[in-house]
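Everything below concerns the one structure shown next.
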Amino acid sequence: MALPAPRSNLVSAVSLVERFANYAALGWLFLLWPSVDAYLRGQVRGLQGAVLAMALTVYIVIYAWHCLVGHRLRRRLIPVATVASLTILAVALDHLAGQAANNNFLIPLLVAGFALPTSHALVAFVVVAATMIAEGIMLAKLPTAQLILQLVLTLPSVVLFGGGAIGLRFLLATLAELRAARAEVAQHAADRERSRIARDLHDLLGHNLSLITLKGELATRLLPEGAHGVDEVRDMLGLSREALQQVRDAVSGYRQPTLATELMAARVALRAAGIELEVQQDVGALDRETEAVLGWAIREGCTNVIRHSGAKHCRIHLTRKPGQLQIEVANDGWRVPQAPAGNGLRGLEERLSALGGTLDASALPSAGFRLVATVPPQSRLEVNPVDAEVAR
């Protein structure tokens, strides 16, 4: 029974690494020690020393900004600009310090390995390595044999730091996918358990309460008006009806759709129809009513995509914006004129209106169709560990 502990410890360790990895990456700044040492020893003085200190400061600021802020900005030019600027500053540090220090180029290799796509990262490795070799030839004051040896050792440095960064990036991405898959499996297990409980409530408790209600109704008909115990039987009949209604409400609540189950069903259905699906989900944990109506929106939107669009690609984006939650289901199928809403869309609009939300279904300008449902953010309820794991 102690077997789950290592897995839990692994998940905790991965979460800890992901939380503090950006700060730990700042530790690679120790690679700048050759330039710092040259400045502290007074080997570079006067204006040249001031420029060296300024270049070091800019280098540190750019790298620290990328570790703490820049890597979160989803813009393609940011990592490219970071690698380029750090490489240029590394060249400047070499010339200002008057020595060829490969250490200054290792941090751009790390940034390229972590932040750039693999093909772009390989191009960056070649450019940085060529720059390192050129700097070594121009600045190294070594005998020819030692110079050749130092240049040959440049390749292992590039492979070690650049390749290691790419490998570590893939490892962290794989661990994140495994954790998401584990959370999804746990969510499906919870959904199956909810369905089982709902079925048992309906089949067992609901059946017995229905019999009690029928017996109570029969007793009130058989007993003469004003007989002893008639009021108690009627009270019992009212309580049984109330309990039966509560059981039905509970069963309906357990059988409400969830985001996890609807997204999985949409993925399976669209794949079977030959439609590529793109999902972006960052709304976190939701209360039962809000999650249910968003699940209905996914179901209705994907049903329309499969039946009426002729699309090759579909995207589902769930986002949390100031004052509202929004789900968008869009496809690149036929451009159709605006038609009266069918029963499915009318029913979905009624569900959204009950929560103060809105529905917008319209054709896209070029091709395709888009369904956008918005609801106000409800008060977050206390979620169980499974829901918390899914939200992460």
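The values are calculated or read from the model by the stated rules, or taken from the named source; none is laboratory data. Predicted model, so just to flag it, every value in this text is computed and none were measured. With ideal geometry, Cβ positions are generated from the backbone for all residues, glycine too; neighbour counts draw on all protein chains shown. What goes into the accessible areas is simple: the full protein's heavy atoms, side chains included, and nothing from ligands, DNA or RNA. Shrake-Rupley method; radii C 1.70, N 1.55, O 1.52, S 1.80 Å.
Taken over the stretch 278-302, the criterion of being open to solvent by less than 70 Å² (accessible area, probe 1.4 Å), without any contact (Cβ under 8 Å) to a residue 60 or more places away in the chain and either farther than 15 Å from LEU355 by Cβ or assigned to a loop (DSSP other than H, G, I, E, B) (or both) is satisfied by VAL279, GLN280, VAL283, ILE298, CYS302. Contact annotation: residue pairs with Cβ atoms under 6 Å, 6 or more positions apart or on different chains, pairing a residue in the stretch 331-351 that is farther than 13 Å from LEU371 by Cβ and open to solvent by 80 Å² or more (accessible area, probe 1.4 Å) with a partner that is in a loop (DSSP other than H, G, I, E, B) and modelled with pLDDT under 80, are ARG335/ALA367.
Specify the residue that is farthest from VAL305 (Cα to Cα); the eligible residues are those in the stretch 329-386 that are at pLDDT 80 or above and of a type in the set (Asp, Glu). Step through it out loud before you land on a result.
Initially, the stretch 329-386 is screened for residues at pLDDT 80 or above, giving 329-333, 345-364, 368-376.
From what's left, of a type in the set (Asp, Glu): 332, 349-350, 360.
Numbers: ASP332: 9, GLU349: 18, GLU350: 21, ASP360: 15 Å.
Looking at the filtered set, the residue picked out is GLU350.
In this structure, does ALA101 turn out to be part of a loop (DSSP other than H, G, I, E, B) and within 20 Å of VAL152 (Cβ to Cβ)? In short, yes. Cβ-Cβ distances below 8 Å connect the following pairs, each with a first residue in the stretch 186-201 that is over 16 Å from GLU262 (Cβ atoms), a second residue that is outside any helix (DSSP H, G or I), and a separation of six or more residues or different chains: ALA198/ARG255.
Can you confirm whether VAL111 is farther than 20 Å from LEU171 by Cα and either at pLDDT 85 or above or more than 26 Å from the chain's Cα centre (by Cα) (or both)? First the steps, then the outcome.
Numbers: farther than 20 Å from LEU171 by Cα: no; either at pLDDT 85 or above or more than 26 Å from the chain's Cα centre (by Cα) (or both): yes.
When the stated conditions are applied, VAL111 does not pass them.
Which one is surrounded by the fewest Cβ atoms within 10 Å (Cβ to Cβ), of the residues in the stretch 303-328 that are part of a loop (DSSP other than H, G, I, E, B) and modelled with pLDDT of 80 or more?
Pass one, the stretch 303-328, residues part of a loop (DSSP other than H, G, I, E, B): 310-312, 322-323.
Checking which are modelled with pLDDT of 80 or more leaves us with 310-312.
On the way: GLY310: 15, ALA311: 21, LYS312: 12.
So, considering only residues that are part of a loop (DSSP other than H, G, I, E, B) and modelled with pLDDT of 80 or more, the one surrounded by the fewest Cβ atoms within 10 Å (Cβ to Cβ) is LYS312.
Taking the criterion of being free of Cβ contacts under 8 Å to residues at least 40 places away in the same chain, open to solvent by 10 Å² or more (accessible area, probe 1.4 Å) and farther than 21 Å from VAL44 by Cβ, the only residue of the stretch 85-115 that qualifies is SER85. Report yes if GLU242 is modelled with pLDDT of 80 or more and acidic (Asp, Glu), otherwise no. Considered against the rule, which asks whether it is modelled with pLDDT of 80 or more and acidic (Asp, Glu), GLU242 comes out as no. Against the test of being surrounded by 21 or more Cβ atoms within 10 Å (Cβ to Cβ), out of contact with any strand residue (DSSP E or B) (no Cβ under 7 Å at 6 or more places or on another chain) and either of a type in the set (Phe, Trp, Tyr) or assigned to a helix (DSSP H, G or I) (or both), the options THR82, THR57 yield a single qualifying residue, THR82.
Would you say ALA181 is over 30 Å from LEU237 (Cβ atoms), surrounded by fewer than 14 Cβ atoms within 10 Å (Cβ to Cβ), under 30 Å from the mean Cα position of the chain (by Cα) and at pLDDT 75 or above?
On the way: over 30 Å from LEU237 (Cβ atoms): yes; surrounded by fewer than 14 Cβ atoms within 10 Å (Cβ to Cβ): yes; under 30 Å from the mean Cα position of the chain (by Cα): yes; at pLDDT 75 or above: yes.
Yes: the conditions hold for ALA181.
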